[in-house]
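Take a look at the structure below.
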Amino acid sequence: MKALVTGGAGFIGSHMVDFLVNQNIETTIVDNLVNGRLENLAQHSGKITFYNVDISNKSALDSVKFGNFDFIFHFAALADIVPSIDNPMAYHAANVEGTLNVLELAKRCSNLKKFIYAASSSCYGIPKQYPTPEETAIQPQYPYALTKRIGEEYALHWGKVYNIPVISTRFFNVYGPRHRTSGTYGAVFGVFLAQLINKKPLTIVGDGFQTRDFTFVTDVVEACYKAATSNFRNEIFNVGSGNTYSVNQLAELLGGEKTYIPKRPGEPDCTFADISKITSMLDWQPKVKFDEGVKLMLDNIDFWKDAPVWNAKSIEQATSTWFEKLS
Ligand SMILES: NC(=O)c1ccc[n+]([C@@H]2O[C@H](COP(=O)([O-])OP(=O)(O)OC[C@H]3O[C@@H](n4cnc5c(N)ncnc54)[C@H](O)[C@@H]3O)[C@@H](O)[C@H]2O)c1
């Protein structure tokens, strides 16, 4: 069996690679390292094939003689939310054009068993229904969410027209070791853990009572593998933890001082996946409990020692366009 993981040097992608290598699947990775790190793959030295290619560069991607794949896990994307307001064209290039180029590559794989698209729960915007099922209205609130949604539409459309067995997995707030620590203001775990190491207060957005469906990365990877090896195609599955947890709860579990910063427009007070479809159709269940997952993060806290340390002032600067455009 052969698999391609785009974005395989990133957070979720590198865990997917761990899983595939463990299954003795011959694994190829395409990543331009814009946010990914080769250290995330160091444990597989000599066992994987890595290409440093930008998926939005069609001729560069086409020039690689990949051969056939049984599975394509398409995870490469610009994945931080906040910078998408300032750089929408870069997000369009990576997340939409890049997806199209990977779909064109998939068309050429004569034996492809599944194309897994890493979609985002941000497509639901501020949903009216909790837990949120897959049929909920689509209402992206910012360019990251829109580009991920357009990528999903392309994937499902290419699936129908060009007979590619596509499944879109919509991830909800994934966390775990190697959660990215790039220079941009990003997901809450990376921000809090860097603050914790440096004994700075945790910057809680709003009153901290907003809740997130924090889903542990190994559960997400297992869901993607189950989807890839299932007989289903042209389906969308939410991938969540089956619960939702407040940012205050997370801060309590991590410990340390807290400070509160303004709530951001366009962000929901709750994310909470309805996972009844994936649990019944794919026989998948999330396994890692939130307190266990947080403990694993604390056990691996050294990973964040060189991560940028945010404070209220630097976050205010990084999010100024967000407040200007989305208020
Ligand atoms: N982390 C989450 O909570 C979450 C939630 C919903 C969806 N997703 C999706 O899951 C996927 C993986 O996210 P992640 O959290 O691991 O992010 P990540 O930034 O750690 O991983 C993305 C990888 O894609 C690579 N990449 C970006 N642009 C590229 C390009 N043009 N060409 C080649 N490689 C490129 C990056 O270098 C990085 O290694 C993304 O598609 C993201 O949209 C993530």
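The values are calculated or read from the model by the stated rules, or taken from the named source; none is laboratory data. This one's a predicted model, so the numbers in the text were calculated from it and none came from an experiment. Neighbour counts are summed over all protein chains in view; Cβ atoms, including those assigned to glycine, are modelled from backbone coordinates with ideal geometry.
Working carefully through the options Asn35, Asn24, Asn57, find the one that is of a type outside the set (D, E, K, R) and on the phi > 0 side of the Ramachandran plot. If you could, list the steps in order and put the result at the bottom.
Numbers: Asn35 fails: on the phi > 0 side of the Ramachandran plot; Asn57 fails: on the phi > 0 side of the Ramachandran plot.
So the residue among Asn35, Asn24, Asn57 that is of a type outside the set (D, E, K, R) and on the phi > 0 side of the Ramachandran plot is Asn24.
Please enumerate the residues belonging to the stretch 151-181 that are closer than 14 Å to Val217 by Cβ and of a type outside the set (A, V, I, L, M, F, W, C).
Thr169, Asn173, Tyr175, Gly176, Pro177, Arg178, His179, Arg180
Restricting attention to the stretch 142-198, which residues are modelled with pLDDT of 95 or more, touching an Asp or Glu at 6+ places or on another chain (Cβ under 8 Å) and among the hydroxyl-bearing types (Ser, Thr, Tyr)?
The answer is Tyr144, Ser168.
Please work out if Asn68 is part of a loop (DSSP other than H, G, I, E, B) and among the polar types (S, T, N, Q). Show your work before the answer.
On the way: part of a loop (DSSP other than H, G, I, E, B): yes; among the polar types (S, T, N, Q): yes.
So Asn68 fits the description; yes.
Conditions (1) surrounded by 14 or more Cβ atoms within 10 Å (Cβ to Cβ); (2) closer than 17 Å to Thr99 by Cα; (3) in the same structural domain as Thr229 (by TED's automatic domain parsing), marked per residue:
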| position | (1), (2), (3) |
| --- | --- |
| Phe19 | yes, no, yes |
| Asn22 | no, no, yes |
| Glu26 | yes, no, yes |
| Asp31 | yes, yes, yes |
| Glu39 | no, no, yes |
| Gln43 | no, no, yes |
| Gly46 | no, no, yes |
| Lys58 | yes, yes, yes |
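Among the residues of the stretch 52-86, count how many are under 21 Å from the mean Cα position of the chain (by Cα), more than 8 Å from the ligand (Cβ to nearest atom) and touching a residue at least 40 places away in the same chain (Cβ under 8 Å).
At the first step, the residues of the stretch 52-86 found to be under 21 Å from the mean Cα position of the chain (by Cα) are 52-56, 71-86.
Those left that are additionally more than 8 Å from the ligand (Cβ to nearest atom): 52, 71-73, 81-86.
With touching a residue at least 40 places away in the same chain (Cβ under 8 Å) added as a condition, the list becomes 71-73, 81-86.
Count: 9.
Does Ala93 fit the bill of being surrounded by fewer than 24 Cβ atoms within 10 Å (Cβ to Cβ) and either assigned to a loop (DSSP other than H, G, I, E, B) or in contact with a strand residue (DSSP E or B) (Cβ under 9 Å, 6 or more places away or on another chain) (or both)? Reasoning before the result, please.
Numbers: surrounded by fewer than 24 Cβ atoms within 10 Å (Cβ to Cβ): yes; either assigned to a loop (DSSP other than H, G, I, E, B) or in contact with a strand residue (DSSP E or B) (Cβ under 9 Å, 6 or more places away or on another chain) (or both): no.
Criteria not met by Ala93.
Counting only residues that are away from the ligand (no atom under 14 Å from the Cβ) and either part of a helix (DSSP H, G or I) or of a type in the set (Lys, Arg) (or both), how many does the stretch 19-41 have?
The initial filter retains those residues of the stretch 19-41 that are away from the ligand (no atom under 14 Å from the Cβ), namely 20-27.
Then keep just the ones that are either part of a helix (DSSP H, G or I) or of a type in the set (Lys, Arg) (or both); that gives 20-22.
Of the residues in the stretch 19-41, 3 are away from the ligand (no atom under 14 Å from the Cβ) and either part of a helix (DSSP H, G or I) or of a type in the set (Lys, Arg) (or both).
Trp304 passes all but one of (1) under 23 Å from Thr218 (Cα atoms); (2) free of Cβ contacts under 8 Å to residues at least 40 places away in the same chain; which number fails?
For Trp304, the exception is condition (2).
Any residue in the stretch 116-128 that is modelled with pLDDT of 95 or more, more than 10 Å from the ligand (Cβ to nearest atom) and within 25 Å of Glu316 (Cα to Cα)?
Scanning the stretch 116-128 turns up at least one residue that is modelled with pLDDT of 95 or more, more than 10 Å from the ligand (Cβ to nearest atom) and within 25 Å of Glu316 (Cα to Cα).
Restricting to the stretch 225-248, name every residue that is among the hydrophobic types (A, V, I, L, M, F, W, C) and in a loop (DSSP other than H, G, I, E, B).
Our first condition is that a residue be among the hydrophobic types (A, V, I, L, M, F, W, C); within the stretch 225-248, this holds for 227-228, 232, 236-237, 239, 247.
Hit for the stretch 225-248 is Phe232, nothing else.
Just checking, does the stretch 143-150 include any residue being touching a strand residue (DSSP E or B) at 6+ places or on another chain (Cβ under 7 Å), of a type in the set (A, V, I, L, M, F, W, C) and not assigned by TED's automatic domain parsing to the domain that holds Pro265?
Kept after step one, since they are touching a strand residue (DSSP E or B) at 6+ places or on another chain (Cβ under 7 Å), are these residues of the stretch 143-150: 145, 148.
This time we only want the ones that are of a type in the set (A, V, I, L, M, F, W, C), so: 145.
This time we only want the ones that are not assigned by TED's automatic domain parsing to the domain that holds Pro265, so: 145.
For the stretch 143-150, residues touching a strand residue (DSSP E or B) at 6+ places or on another chain (Cβ under 7 Å), of a type in the set (A, V, I, L, M, F, W, C) and not assigned by TED's automatic domain parsing to the domain that holds Pro265: present.
Which residues, taken from the stretch 255-281, are surrounded by fewer than 18 Cβ atoms within 10 Å (Cβ to Cβ) and of a type in the set (Val, Ile, Thr)?
Once the filter is applied, which keeps residues that are surrounded by fewer than 18 Cβ atoms within 10 Å (Cβ to Cβ) and of a type in the set (Val, Ile, Thr), the stretch 255-281 yields Thr259, Ile261, Thr279.
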